[in-house]
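*Asks:* Here it is: the structure, laid out below.
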Amino acid sequence: MKTNVLKTEGDVNLSEERTKWQNKNVSDKRTRHLLEEDSRLFLHQAMSTPCLDVLSDCSNASIFNMAGKEYLDFHGNNVHQIGFSNPHVIDQLKKQLDTLSFSTRRYTNETAINFARRLTSLLPNGLDRVLFAPGGTSAVSMALKLARAVTGRHKVISYWDSFHGASLDAISAGGEAVFRQQMGPMMPGAIRIPPPMQNGGFFEDEMKSADYLEYVIEKEGEIGAFIAETVRNTDVQIPSKAYWQRVRDICTKHGVLLILDEIPIALGRTGKMFAFENFDIQPDILCLGKGLGGGVIPFAAMICREEYNVVQHISLGHFTHEKSPVGCAAANAVIDCIENDRLLEKVNNDAHFMKSELEKLKEAHPIIAHIRGLGLLWGVELKYPGTNEAASAEAEKIMYSCLEQGLSFKVSQGNVLQLSPALTISREKLERAMNILHRAFASL
């Protein structure tokens with residue numbers, strides 16, 4: 001069956017650039033054998049199969065292949081806020097495994113209680129109730145169900161091109177078409193609106209996106225929730241503080257719950273512990289995940305307001321690993337590292353360096369139309385000079401040139417280089433990455 005390959009990401013697994021790169025760079029017999037076995041055994045899907053290379057090791061800001069080649073990982077599936085194989089996380093996991101490795105349903109455990117207390121203490125007063133889950137998609141699922149139960153309304157608004165997880169309810173609420181192809185009817189009540197875009201969006205003014213949100217709420221009726229990433233992770237779209245404050249006011253005015261999905265962008269990625277702190281707003285429900293497990297354990301959380309503790313008769317999650325002592329130990333260690341290593345201060349210093357280096361890159365190469373960033377989350381958007389046409393072919397060439405030189409990242413929307421290194425990365429490695437980017441662009 002022939003299907004359309006969508007340019008949601010630049011790395012589509014089956015492109016000519018991918019084939020050329022592998023023929024040139026993957027010569028190790030053991031690696032080739034493992035790639036063939038992987039392709040034979042795993043069900044193929046967009047964006048992950050067939051695979052690029054075979055990893056054998058990871059440490060801090062880097063991953064290593066079977067032949068010992070180091071890649072600076074500026075992708076990391078967004079789990080690497082405190083780096084890979086963080087010694088403190090590994091140590092705390094080992095200690096937990098020596099005592100309570102699993103918490104059976106109907107029982108609780110001190111590790112889970114202590115982490116719930118610590119997590120809520122980091123959030124504004126009122127965000128006091130938590131549920132844990134084995135992954136971010138499950139946290140989103142619980143948030144959507146809670147919003148229905150609390151408001152009595154089943155409809156939810158989201159943005160086109162948004163991503164909130166890969167389960168059927170999450171892709172119904174989300175807006176990335178690559179997840180909805182051939183899936184048939186989605187969950188009823190999901191309504192999508194154009195997102196606020198910094199450069200070349202549907203609306204010329206981002207505030208018109210907020211106006212449209214209110215228009216849909218008023219005209220549609222029965223809207224229970226609005227779900228959005230505070231900062232869109234994939235292609236690094238950063239709405240203004242004024243935009244988010246207007247959205248907060250709209251949701252409050254109409255009794256719509258504001259669900260902020262910070263699964264990939266919380267825990268210091270934007271220079272704050274939580275991204276919404278950059279905009280002086282508060283969500284009604286917050287979803288966390290990915291890096292919460294320290295890049296080791298799948299672990300997520302949904303946090304909501306105290307007054308929403310009214311659904312004792314409903315099982316929102318009831319997951320097997322709901323109060324995982326191992327997940328909570330990892331998550332607690334993540335917060336330790338962010339606080340004890342003063343990572344927020346480091347990230348904000350690194351942000352100035354990244355902005356300066358990427359502005360130099362843009363000045364030297366007219367194909368770069370825009371750079372956008374916050375903390376250690378940056379997007380470099382490529383368009384053909386003098387046009388509004390996405391330079392997708394060049395973006396893919398840049399990506400494979402960088403991979404050859406030892407820098408890994410993803411391309412979003414086909415033409416945005418998304419750069420998100422471990423927050424623990426050294427300045428020397430940041431400089432190395434920027435030098436690789438400069439050489440890659442020069443090679444065009």
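*Asks:* Between GLU37, GLU17, GLU359, which gets the highest mean-square fluctuation from a Gaussian network model of the chain, Cα cutoff 10 Å?
*Replies:* GLU37
*Asks:* Here is a follow-up. Return the subset of LYS95/LYS346; LYS219/LYS383; LYS241/LYS290; LYS69/LYS272; LYS253/LYS410 for which the Cα-Cα distance in this structure is over 31 Å, preserving the input order.
*Replies:* LYS219/LYS383; LYS69/LYS272; LYS253/LYS410
*Asks:* Cα gyration tensor of the range 87-340, axes a ≥ b ≥ c as square roots of the eigenvalues: rounded (a/c below 1.5), prolate (a/b > b/c) or oblate?
*Replies:* It comes out prolate by the Cα gyration axes.
*Asks:* Summarise the long-distance tail of P(r) for the range 66-194 by giving the % of C-alpha pairs beyond 21 Å.
*Replies:* Above the 21 Å cut-off, the range 66-194 has 62 percent of its Cα pairs.
*Asks:* Just GLN81, GLN282, GLN45 to compare: in a GNM of the chain, with alpha carbon springs under 10 Å, which one fluctuates most?
*Replies:* For the chain, modelled as a Gaussian network with Cα springs under 10 Å, the answer is GLN45.
*Asks:* Please give the calculated 222 nm ellipticity per residue for the chain, where each DSSP H segment of at least 4 residues contributes -39500 (n - 2.57) and the sum is spread over every residue; nearest 500 deg cm²/dmol?
*Replies:* Here the helix-only value at 222 nm equals -12000 deg cm²/dmol.
*Asks:* A further question follows. Indicate, rounded to the nearest 5 percent, the antiparallel portion of the DSSP beta bridges found entirely in the range 87-340.
*Replies:* 45 percent
*Asks:* Further question on the same structure: Would you mind ranking GLU204, GLU229, GLU389 so that the residue whose beta carbon has the fewest other beta carbons within 10 Å leads the list?
*Replies:* The order, fewest Cβ neighbours first, is GLU204, GLU389, GLU229.
*Asks:* Turning to a different aspect of this structure: Quick one: dipole size for the range 87-340, taken about the Cα centre, charges +1 on Lys/Arg Cβ and -1 on Asp/Glu Cβ, in debye to the nearest 20.
*Replies:* Dipole about the Cα centre, nearest 20: 620 debye.
*Asks:* Antiparallel DSSP bridges in the chain: what percent, to the nearest 5?
*Replies:* Counting only bridges with both partners in the chain, antiparallel ones make up about 70 percent.
*Asks:* Name the shape class, rounded, prolate or oblate, that the alpha-carbon gyration tensor gives for the range 220-351, where a ≥ b ≥ c are the square roots of its eigenvalues, rounded holds for a/c under 1.5, and otherwise prolate holds if a/b is larger than b/c and oblate otherwise.
*Replies:* oblate
*Asks:* Say R0 is 30 Å: what FRET efficiency, to the nearest 0.05, do HIS318 and LEU122 get from their beta-carbon distance?
*Replies:* 0.70
*Asks:* Quote the Stokes-Einstein diffusion coefficient, in whole µm² s⁻¹, for the range 98-159, based on the Kirkwood radius over alpha carbon pairs, a temperature of 37 °C and a viscosity of 0.692 mPa s.
*Replies:* In µm²/s, the coefficient is 232.
*Asks:* Set the Förster radius R0 to 51 Å, insert the Cβ-Cβ distance between ASN23 and LYS355 as r into 1/(1 + (r/R0)^6), and round the FRET efficiency to 0.05.
*Replies:* Result of the calculation: an efficiency of 0.90.
*Asks:* Oh, and also: By the gyration tensor of its Cα atoms, with a ≥ b ≥ c the square roots of the eigenvalues, what is the shape of the range 180-284: rounded for a/c under 1.5, prolate for a/b over b/c, or oblate?
*Replies:* Taking the square roots of the gyration eigenvalues as a ≥ b ≥ c, the range 180-284 is rounded.
*Asks:* Please rank ARG105, ARG32, fewest neighbouring Cβ atoms within 10 Å first, as an exposure proxy.
*Replies:* ARG105, ARG32
*Asks:* Once phi is turned into ³J(HN,Hα) by the Karplus curve 6.51 cos²θ - 1.76 cosθ + 1.60 with θ = phi - 60°, what whole-Hz value does each residue of the range 161-178 show in order, with x for glycine and proline?
*Replies:* Result, ordered by residue: 6, 7, 10, 10, x, 10, 6, 5, 5, 6, 6, 5, 6, x, x, 8, 5, 4 Hz.
*Asks:* Sticking with this structure for a sec: Could you size up the charge dipole of the chain around its Cα centre, putting +1 on the beta carbon of Lys and Arg and -1 on that of Asp and Glu, and report it in debye to the nearest 20?
*Replies:* With only Lys, Arg, Asp and Glu charged at Cβ, the dipole is about 580 debye.
*Asks:* Here's a follow-up. What is the Cα convex hull volume of the range 335-444 when expressed per residue in Å³?
*Replies:* 94 Å³
*Asks:* How compact is the chain by the rule of thumb for globular proteins, expressed as Cα Rg over 2.2 N^0.38 Å?
*Replies:* Ratio of Rg to 2.2 N^0.38 Å for the chain: 0.97.
*Asks:* Next question, about the same structure. Considering the chain as a Gaussian network with a 10 Å cut-off on Cα pairs, which listed residue, LYS253, LYS410, LYS241, attains the greatest mean-square fluctuation?
*Replies:* LYS253
*Asks:* With the contact rule set at Cα under 8 Å and sequence spacing of 6 or more, what percent relative contact order holds for the range 87-340?
*Replies:* 30 percent
*Asks:* Provide the gained length on full extension for the span GLN45 to ASN348, in nm with one decimal, where the gain is 0.36 nm per separating residue minus the Cα-Cα distance.
*Replies:* So the chain would gain 105.4 nm between GLN45 and ASN348.
*Asks:* Rank the residues THR151, THR137, THR320 as a footprinting-exposure proxy: fewest other Cβ atoms within 10 Å of their Cβ go first.
*Replies:* THR320, THR151, THR137
*Asks:* Work out how much length PHE203 to LEU444 would gain on full extension: take 0.36 nm times their residue separation and subtract the Cα-Cα distance, in nm to one decimal.
*Replies:* Result: 83.5 nm gained on full extension.
*Asks:* Just to confirm the filter: which chymotrypsin sites (Phe, Trp or Tyr not before Pro) across the range 23-83 are DSSP coil and have at most 15 other Cβ within 10 angstrom of their Cβ?
*Replies:* Passing sites in the range 23-83 are PHE42.
Here, each number is a calculation from the coordinates, and none is a lab measurement. In this text, all values refer to a predicted model and were calculated from it rather than measured experimentally. Note that each Cβ is placed from the backbone with ideal geometry, even for glycine, and that neighbours are counted across all protein chains shown.
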